[in-house]
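**Student:** Dumping the structure here so I can ask a few things about it.
The values are calculated or read from the model by the stated rules, or taken from the named source; none is laboratory data. Just so we're clear, the structure is a prediction, and the values are computed from it rather than from any experiment. Don't worry about glycine lacking a Cβ; one is built from the backbone with ideal geometry, like all the others, and counts go over all protein chains shown.
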Amino acid sequence: MNRPDEEDDFTSQTEQKLDSLLRQAAWPDADPSTISRMHESVMRELHAVVQPEGGVDPLDSQCNQTDAIGLPALDVPIPGQSSDRRRQFPYSIAVSALMILVAFAAGRWSASGRSSSVPSGEDPQLAESAQHDASQTVPALKEPPKDLDPDHLVAKNGVGSAKDATTEPNKQESLQKPASDSTQMIEPRPELATGRKQRLTPRERMKLQLEDVLVCLSEKDDTDGSCCRTLLPRRAEFEFMLGEVIRNATGQRQLAAVTAMGFVGTDTAVPVLLGTTRSESLREKSIAALKQCCSEQMLAGLVLQPGDETLQREFLTELAHRSTPNAVLAWLHLMRTQRSRILCQQAASDLSPFLVDAMFRELDAPLMDDRISAILSLGRRTDKPTQDRIMQLIQQFPNRWEPVAILMCSGSEAAVRTLTKLQKNPERFAVLQTASIQLQASVTLPDR
């Protein structure tokens, strides 16, 4: 059970005895001859390591080397030699270290020069190998021979004949051209020299597209907008560009821009086009462009705006030609306004069939203002289809006062004859009186 402990005690006792014996031992002094032999063997090994290829001992050629670099002669101390050579030994070590540092600095300088010639982010070794491969794979351009026999064109590697060369006259002509032509053919274009094709910005492409449209409008009178269809997908941007052209350009270019604005512009282009109506040369085109680009609400606003009455009539006529629900609402609004009611009654004969049907439907409107507006609009129409529809309503609805009020606003001979017959009928007297009262009330009502 106690065997490991006994072994440990024995080991420790043995170590203590060995330590005491080593401390008590007397070591002999070093022999000077032995030290000298050891030193000579070390120096021989050193001479064998640093000896150059020519077999010349560096210690023998030490004087020549030190004379070349302008330093005093150095020597390695060897036992038995003079003390001055022993003092020169550190200098030789310093000179060797200096030469090593100079060689290291020269290597670093050459490496930095090679790396500066390679673009940043590229391995210098890869760049040198790529240049070497390119120089081997890409042959140098040579001038074509001036005097070349056509027989040599086909007789290559012993295949073909001179007869085959006559079947390709284009090749012969190209070979007969002077050397100056060949050098012109191989000159790279600017985009090839830069390595990439020149690209236009979106703004520059839009300018070129707009210039093509203006040229097209200058050459022909475009009535259907075929020249401007390419501008519609980006009409907001082209509207702004056309506004700049209208403000800055003159002559035919400005006229073409005004025409294009009629197809491309919206309500935001109205101020620009209104400014061009003051010019006699642009007035006609500007009014036509305003009619095309304005919405129904904008046309109604231009009619209500005080100013040139001729422009108001033009815009009101354009509104009367529209066939949209917004045109119906805008027309009824103008008829309810006393300031524009007279102009609307004068332009009632220009109402489109869509608006005429809408006015007949408004005779049943829940609002009295809409009924009066429809009556005043239809009363100014003297065409036969409208008169026939009014007479048909009087016969179908004898107790309705609206058709009778239309005849009272008409003033035509046919309307006067019809009203005379109705006045002679006692059953229609109440209807006539109601129609007259409603018309008088509508004249005295304020604007709504």
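**Student:** Of the residues that sit in the range 334-363 and are of a type outside the set (A, V, I, L, M, F, W, C), assigned to a helix (DSSP H, G or I) and touching an Asp or Glu at 6+ places or on another chain (Cβ under 8 Å), which one is nearest to SER410 (Cα to Cα)?
**Tutor:** SER349
**Student:** Another question, if that's okay. Looking only at the range 379-400, count how many residues are under 18 Å from THR434 (Cα atoms) and either buried (at least 16 other Cβ atoms within 10 Å of the Cβ) or among the charged types (D, E, K, R) (or both).
**Tutor:** Number of matching residues: 5.
Conditions tested, residue by residue: (1) in contact (Cβ under 8 Å) with a residue 40 or more places away in the chain; (2) outside any helix (DSSP H, G or I).
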{"site": "SER218", "(1), (2)": "no, no"}
{"site": "CYS227", "(1), (2)": "no, yes"}
{"site": "PRO233", "(1), (2)": "no, no"}
{"site": "ALA236", "(1), (2)": "no, no"}
{"site": "PHE240", "(1), (2)": "no, no"}
{"site": "GLN254", "(1), (2)": "no, no"}
{"site": "THR259", "(1), (2)": "yes, no"}
{"site": "THR268", "(1), (2)": "no, no"}
{"site": "LEU273", "(1), (2)": "no, no"}
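**Student:** Within the range 338-359, restricting attention to residues that are surrounded by fewer than 18 Cβ atoms within 10 Å (Cβ to Cβ) and among the hydroxyl-bearing types (Ser, Thr, Tyr), which residue is modelled with the lowest pLDDT?
**Tutor:** Out of the qualifying residues, it is SER349.
**Student:** Against the condition in a helix (DSSP H, G or I), closer than 29 Å to GLN297 by Cα and in contact with an Asp or Glu (Cβ under 7 Å, 6 or more places away or on another chain), how does ALA327 come out, does it pass?
**Tutor:** So ALA327 passes the test.
**Student:** Same structure, new question: Can you go through PRO403, PRO366, PRO385, PRO398 and tell me which one is touching a helix residue (DSSP H, G or I) at 6+ places or on another chain (Cβ under 9 Å) and not in a helix (DSSP H, G or I)?
**Tutor:** PRO398
**Student:** Output the residues belonging to the range 199-237 that are within 15 Å of PHE263 (Cα to Cα) and aliphatic (A, V, I, L, M).
**Tutor:** Passing the criteria: LEU210, VAL213, LEU214, LEU217, LEU231, LEU232, ALA236.
**Student:** Can I ask one more? Considering the range 276-305 alone, what residues qualify as being under 17 Å from HIS333 (Cβ atoms) and not small (Gly, Ala, Ser)?
**Tutor:** The answer is CYS294, GLU296, GLN297, MET298, LEU299, LEU302, VAL303, LEU304, GLN305.
For (1) among the hydrophobic types (A, V, I, L, M, F, W, C); (2) in contact with a Cys (Cβ under 9 Å, 6 or more places away or on another chain); (3) modelled with pLDDT under 90, each residue gets a yes or a no:
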site: ARG361; (1), (2), (3): no, no, no
site: GLU402; (1), (2), (3): no, no, no
site: LYS424; (1), (2), (3): no, no, yes
site: VAL431; (1), (2), (3): yes, no, yes
site: SER436; (1), (2), (3): no, no, yes
site: VAL443; (1), (2), (3): yes, no, yes
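**Student:** Shifting gears a bit: Restricting to the range 226-254, count the residues that are surrounded by 22 or more Cβ atoms within 10 Å (Cβ to Cβ) and over 12 Å from GLU211 (Cα atoms).
**Tutor:** So the count comes out to 1.
**Student:** Under the condition of being more than 18 Å from PRO385 (Cβ to Cβ) and touching a residue at least 12 places away in the same chain (Cβ under 8 Å), which residue from the range 412-432 is surrounded by the most Cβ atoms within 10 Å (Cβ to Cβ)?
**Tutor:** Ranking the candidates gives VAL431 first.
**Student:** Give the range 260-290 a look and list any residue that's among the polar types (S, T, N, Q) and within 28 Å of the chain's Cα centre (by Cα), or say none.
**Tutor:** THR266, THR268
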